[in-house]
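A short worksheet on the structure shown next.
The values are calculated or read from the model by the stated rules, or taken from the named source; none is laboratory data. None of the values given here were measured: they were computed from a predicted structure. Here the Cβ is made from the backbone with ideal geometry for all residues, glycine too, and neighbour counts use every protein chain on show.
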Amino acid sequence: MTLFEVLFGIALIVSTKIYLSKKILEILAKYSPSEDLTYMGQWISTLFLYLFGALMVVKGFGFSISDLLVAGGFITLAISFAAQTVISNAISGIFLVMEKPIRIGDFVYLKEAGISGAVKSISILSTTIRLWNGELARVPNSKFFEDVIVNQSMPIVRRLEVKVGVPYDLEKVKTAIDVIKRAMNNSKYVLKVPEPEVFVEEFGDSAVIIRVNAWVPSKKWYECYKQVRYTIYEELVKAGVEVPFTTITVIIDRKS
């Protein structure tokens, strides 16, 4: 038993807990290109120091390092089979930070999982997404490499699509298109280039469906989504173009 190695190992573990972990975070924060990489680097560095300290303590008690490594190899192999999901998520977390398909604050949509919201945090095993209803969803990092990710914040601009029904009346259809175009051109969020598109898309059962395509800043998309829909309805009402209800025509054959 070597007292120095035992004391050194214990001191390393304690100092890592109290001081070194925070110091590593400060150093990485200065040079790391992203916050996610900073915290992941701190986690890996701290884990290494803990393991090294524990190894020194064990060695100080007279155990052979080579025997420990052999035993550790078998233990690691057994753990790897039992914790494949954890390891997969950890590796995915590292690639997630390095590749950067998403960042904290991005609005993302996982197609197969059906999860949509803002990225709140990215850790070594999972990513937390704040859903539109305010709930927090913890998504295993491996899902981001198995699913199709739509990053709605990555582009600078994003297209806004709105559909509105107007009566089967040619003059009212023309009026509606003119009114909507004017509303889009007067909106403070809708971009002038590309120019907004307003056109008849389909003929519904009870209404002519007009489609509006407008480009807006990605960060203002949701705010613009609410504002544009209300503005379109307000301007149509002012112009005397009512949005029709679904109607059913019933024909009664009295002879039968």
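Brief remarks follow.
- Residue check, VAL216 among the aliphatic types (A, V, I, L, M) and in a strand (DSSP E or B): yes
- So SER153, is it in contact (Cβ under 8 Å) with a residue 60 or more places away in the chain and farther than 17 Å from ILE209 by Cβ: yes
- Looking only at the range 89-121, and only at residues there that are in the same structural domain as GLU146 (by TED's automatic domain parsing), surrounded by 14 or more Cβ atoms within 10 Å (Cβ to Cβ) and over 16 Å from MET154 (Cα atoms), the one that is farthest from the chain's Cα centre (by Cα): ALA113
- Test for PHE199: is it within 14 Å of VAL166 (Cβ to Cβ) and in contact with a Lys or Arg (Cβ under 8 Å, 6 or more places away or on another chain): yes
- GLN84 meets all of the listed conditions (1) at pLDDT 75 or above; (2) surrounded by fewer than 17 Cβ atoms within 10 Å (Cβ to Cβ); (3) not basic (Lys, Arg) but one, namely (1).
- Boolean, VAL250 is β-branched (Val, Ile, Thr), modelled with pLDDT under 85, over 29 Å from PHE107 (Cα atoms) and outside any helix (DSSP H, G or I): yes
- For the residues LYS163, LYS188, the requirement of being at pLDDT below 85 and farther than 30 Å from ILE94 by Cα singles out LYS188.
- All positions within the range 119-140 that are at pLDDT below 90 and either of a type in the set (Gly, Ala, Ser) or under 18 Å from GLN42 (Cβ atoms) (or both): SER121, ILE122, SER123, ILE124, LEU125, SER126, THR127, GLY134
- Each residue in the range 171-210 was checked for being touching a Phe, Trp or Tyr at 6+ places or on another chain (Cβ under 9 Å), loosely packed, with under 13 Cβ neighbours inside 10 Å and farther than 19 Å from ILE156 by Cα, and 1 pass.
- Qualifying residue in the range 225-232 (condition: basic (Lys, Arg) and surrounded by 13 or more Cβ atoms within 10 Å (Cβ to Cβ)): yes
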